[in-house]
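What follows is a short report on a single structure.
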Amino acid sequence: MTLRAFMHRIAVLAIFSLLLSGCERGNPLTVVKAVAAGVPSLAPFFEENSGLGRDTTTVRSQPVQASLQQGDTPGLYGGSEQPTVCDVAKLKRFLTDPRNHKKAQAWAGVLNIGTDEIPEYLNRLTPVLLRHDTLVKNHDYKKEKAVPYNSLLQAGISILVDEQGLPAVKCSCGNPLRPFEGDTGRISVQFEDGNKKWAGYERKSVLAVKPAPRKLARIALVDVQEPARGIDRPVGSTGEKDTTFDTKKRRTVPDLAGTTFARASRELIDAGLAPGYAGQGVPSDGARVTATDPPAGAELPFGQYVMVTVAGGGSSTSGEESGPTTTPPPPSSGLRTPPTSTPPKSGSPGSSGGRPGKSSSPPPSSSSGRPGGSSSPPSSSTAPGSPSPGKSSGPPSPPPSTGAPASGAPVTSSAPPPPPATTSAPATREPPSSAPVTTRPATSPAATSEPATTEPVTTEPATGEPVTEGPSTTVAA
């Protein structure tokens, strides 16, 4: 190598380093404090030895295929037959004790509720065990104030979750929790203050939780001591009303090609399966699904991941690795009066669409007997009997001369889906961007459905599943 070539290479490396450092300054790493199971907090709301809760130190974090999970994702949380995982009644007594009024004020302020609302709020929480190393916004109690900091809770830590599956309270000390608001792909985890790096910690197994689009009636948990045993726990109960189901029972992957990512996620969750995607960037709700892995018809145990591939340009973040995957800011309305609308009058049997049996194999944690058909985004995309949101965006245009009209039709039943083949619809699903929002080929004649338009459909702000157009390249493998 000549001296000139060597100097040229050094110059290129120097320029690259400067560019990289500039990117780091523009998108710095978020400092996150590790919180190990069983390690007491230095500034808790209540002392760790007060008997409020107990962590399980034998749980190892499970692998993940998506760094941002909905609170109703099957297999997200674990459970145990031990009744002392979290003592909600004792926490309620502590927070309503006049001697702890200052703490109660700070605690309630984090959750955007008044101190008089604490008992009712606690009644709606459910104890679970983390099955994944989970990012949250934690809070210490210092100088009569709640001091927020980002933390990584180790799998096995006991928490209380709210009606949308969001972590709300760390059981052992009563610290209030809120959603992590940073980029899950750009964190710097600090193991200090007795919180040593635990066995099984892997950066790729870290996740954050975003709220489920609708309130839950029950949460399907996996027994952390006996993974083949599922626990169906009603929301607001502490284990006394648990029923069990077999997590090894196979669930069928639904046919999702041509649907939106939001709709596909809803159907997978209702089937007891977890939606996954490649990279850090979460596909936008309206991105069109082109394929799944495993494909439609495959059978998987409860909580297994199904990788969803969408049409290009469907990512809701900029960039696959560096795009922020932030959770929504803490919704105050979700704590006082969570935003859900009146269920449909069709009397759908729970939000799961009635696919898994309730007694022997209950629906996943998203199954809700009360608010099953919420029309708030994006839960309206799965409300049984509700029309497909994409059809309300404008009058249909004549179908293209080179193709036949799509076979889309509104979802009319919460019963298991019909076979993918149908004599009333064309065999092709191309192009995915021109198909109306449907979950699978309809059983009614194609003539009754509105033909696809050749122009991009304008997204309506109020719909739960905006229809987006994009090139046919994929963002997830």
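The values are calculated or read from the model by the stated rules, or taken from the named source; none is laboratory data. Quantities reported herein were computed from a predicted structural model and do not represent experimental measurements. So basically every Cβ, Gly included, is an ideal-geometry build from the backbone, and we count neighbours across all protein chains shown. We work out accessible area using only protein heavy atoms, side chains counted, and drop any ligands, DNA or RNA first. Shrake-Rupley method; radii C 1.70, N 1.55, O 1.52, S 1.80 Å.
Just checking, which of L216, L221, L268, L273 is crowded, with 22+ Cβ neighbours inside 10 Å, closer than 22 Å to R54 by Cα and out of contact with any helix residue (DSSP H, G or I) (no Cβ under 6 Å at 6 or more places or on another chain)?
From the options L216, L221, L268, L273, the qualifying one is L221.
Yes/no per residue for (1) open to solvent by 30 Å² or more (accessible area, probe 1.4 Å); (2) at pLDDT below 95:
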site	(1), (2)
A212	no, no
I231	no, no
V282	no, yes
G319	yes, yes
Looking for something closer than 23 Å to G185 by Cα, assigned to a helix (DSSP H, G or I), modelled with pLDDT of 95 or more and not charged (D, E, K, R) - is there at least one such residue anywhere in region 263-277? yes
Residues of region 65-104 being open to solvent by 20 Å² or more (accessible area, probe 1.4 Å), closer than 27 Å to A155 by Cβ and part of a loop (DSSP other than H, G, I, E, B), in sequence order, are Q65, E81, Q82, P83, T84, D87
Quick count over region 233-242, residues being surrounded by fewer than 23 Cβ atoms within 10 Å (Cβ to Cβ) and outside any loop (DSSP other than H, G, I, E, B), is 1
>> Take the conditions under 20 Å from S61 (Cα atoms) and buried (at least 24 other Cβ atoms within 10 Å of the Cβ) and apply them to G165. Does it pass?
In response: yes
Just to be sure before I move on: is L68 among the hydrophobic types (A, V, I, L, M, F, W, C) and at pLDDT 95 or above in the structure I sent?
no
Note: among T126, T134, just one is surrounded by 15 or more Cβ atoms within 10 Å (Cβ to Cβ) and closer than 21 Å to T238 by Cα, namely T126
- Task: Test E144 against the stated conditions and say whether it is open to solvent by 10 Å² or more (accessible area, probe 1.4 Å) and farther than 28 Å from P28 by Cα.
- Result: yes
Taking region 175-220 and keeping only residues that are assigned to a loop (DSSP other than H, G, I, E, B), in contact (Cβ under 8 Å) with a residue 60 or more places away in the chain and among the aliphatic types (A, V, I, L, M), one is left with A199, A212, L216, A217
Within region 50-64, of all residues that are in contact with a helix residue (DSSP H, G or I) (Cβ under 9 Å, 6 or more places away or on another chain) and of a type in the set (A, V, I, L, M), the one most open to solvent (accessible area, probe 1.4 Å) is V64
Filtering region 31-45 down to residues that are of a type in the set (V, I, T) and in a loop (DSSP other than H, G, I, E, B) yields V39
Scanning region 136-168 for residues that are more than 22 Å from the chain's Cα centre (by Cα) and among the basic types (K, R) gives K142, K143, K145
